[in-house]
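The values are calculated or read from the model by the stated rules, or taken from the named source; none is laboratory data. None of the values given here were measured: they were computed from a predicted structure. Cβ placement follows ideal geometry from the backbone for every residue including glycine, while neighbour counts extend to all protein chains displayed.
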Amino acid sequence: MSRFISIAIDGPSGAGKSTMAHRLGKEFGFLHVDTGAMYRAVGLAAMRAGVDKSDKAAVEAMLPSLDVRAELSENGQATYLNGEDVSLAIRENAVSAYASAVSAYPAVRAFLLELQRETAATQNVIMDGRDIATVVLPNADIKIYLTASVESRAARRYEELTQRGQSVDAETVKKEIEARDLADSTREIAPLKRHPEAELADTSWLSFEEGYALLKKIVSEGLSRVL
Ligand code: DC
């Protein structure tokens, strides 16, 4: 019986999961699925509709009218919200807090979980998020926990936002990351935590290329075990 291989990458905000997973996906021929982008699409919908992000019932009531889809494009994953390509809009800094808030609601997680599992059932995937190894794909063949210190994640995020022309303050970016770490790891449902089998990759002191080389080694070794 043939089956598909899955690689799970979890970790806190700003650890570089999506960028790394995207490149690994290309290198090893796996579809990269960025689950954070899906939560961001739901957060964006709430923001645009003027829904209070702390109003769980109001956020949940929006779900039946939402169609979130992730498709492969030339530049990686393109994320669609009710048919509109929102790949750029979901990256705006203001959307992050909405995504984090809505991701704590059980109905939002159930809504996206189905989509995530369906995707992994039909192809080889490298999926990144917070709960991929612990909840979404507990049988993932390779599990990685990618992290870095708050300081280095904040510095990278600040650079990324300013390069994109968004005007932000470094200290605020750090505080936002700390707030998201706290919210993501203390929520009741599917909190961010390292799966006991996940290989720890801490890139605090590594350059991007060094971090990538570490992940590539973990994936190559993992694949030689399962193939
Ligand atoms: O990785 P990101 O910053 O794009 O994720 C946005 C938010 O979505 C983040 O605050 C936590 C949430 N998230 C989640 O709860 N579970 C996932 N699998 C992925 C993201």
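Only one of the listed residues (59, 51, 68) is crowded, with 16+ Cβ neighbours inside 10 Å, under 24 Å from residue 24 (Cβ atoms) and either of a type in the set (Asp, Glu) or modelled with pLDDT of 95 or more (or both). That residue is 68. Can you name the residue in the range 189-219 that is touching a residue at least 40 places away in the same chain (Cβ under 8 Å) and among the hydroxyl-bearing types (Ser, Thr, Tyr) and, of all such residues, is surrounded by the most Cβ atoms within 10 Å (Cβ to Cβ)? If we take residues in the range 189-219 being touching a residue at least 40 places away in the same chain (Cβ under 8 Å) and among the hydroxyl-bearing types (Ser, Thr, Tyr), then 203 is surrounded by the most Cβ atoms within 10 Å (Cβ to Cβ).
Hey, among the residues in the range 1-42 that are of a type in the set (D, E, K, R) and under 11 Å from the mean Cα position of the chain (by Cα), which one's surrounded by the fewest Cβ atoms within 10 Å (Cβ to Cβ)? Filtering the range 1-42 for residues that are of a type in the set (D, E, K, R) and under 11 Å from the mean Cα position of the chain (by Cα), the one surrounded by the fewest Cβ atoms within 10 Å (Cβ to Cβ) comes out as 34.
Looking at this structure, is residue 182 out of contact with any helix residue (DSSP H, G or I) (no Cβ under 7 Å at 6 or more places or on another chain), within 20 Å of residue 40 (Cα to Cα) and of a type in the set (A, V, I, L, M, F, W, C)? When the stated conditions are applied, residue 182 passes them. Only a single item in (1) within 10 Å of the ligand (Cβ to nearest atom); (2) outside any helix (DSSP H, G or I); (3) not polar (S, T, N, Q) is not met by residue 36, and it is number (2). Residues of the range 70-111 that are outside any helix (DSSP H, G or I), closer than 28 Å to residue 182 by Cα and among the charged types (D, E, K, R): 92 alone. Listed by first and then second residue, the pairs with beta-carbon distance under 7 Å, at least 6 apart or on different chains, first residue in the range 110-132 and touching a residue at least 40 places away in the same chain (Cβ under 8 Å), second of a type in the set (D, E, K, R) and in a helix (DSSP H, G or I), are 128/17; 130/184.
Does residue 88 count as more than 17 Å from residue 198 (Cβ to Cβ), within 16 Å of the chain's Cα centre (by Cα), among the aliphatic types (A, V, I, L, M) and away from the ligand (no atom under 12 Å from the Cβ)? Against the criterion (more than 17 Å from residue 198 (Cβ to Cβ), within 16 Å of the chain's Cα centre (by Cα), among the aliphatic types (A, V, I, L, M) and away from the ligand (no atom under 12 Å from the Cβ)), residue 88 qualifies. From the list 158, 145, the one residue that fits, being touching a Lys or Arg at 6+ places or on another chain (Cβ under 6 Å) and of a type in the set (Phe, Trp, Tyr), is 145. Can you give me the number of residues within the range 133-169 that are more than 17 Å from residue 14 (Cβ to Cβ) and not in a loop (DSSP other than H, G, I, E, B)? Total meeting the criteria: 6. A residue that is touching a strand residue (DSSP E or B) at 6+ places or on another chain (Cβ under 6 Å) and crowded, with 22+ Cβ neighbours inside 10 Å cannot be found anywhere in the range 91-98. Within the range 162-204, the set of residues being among the aliphatic types (A, V, I, L, M), away from the ligand (no atom under 12 Å from the Cβ) and farther than 23 Å from residue 138 by Cβ comprises 168, 170, 173.
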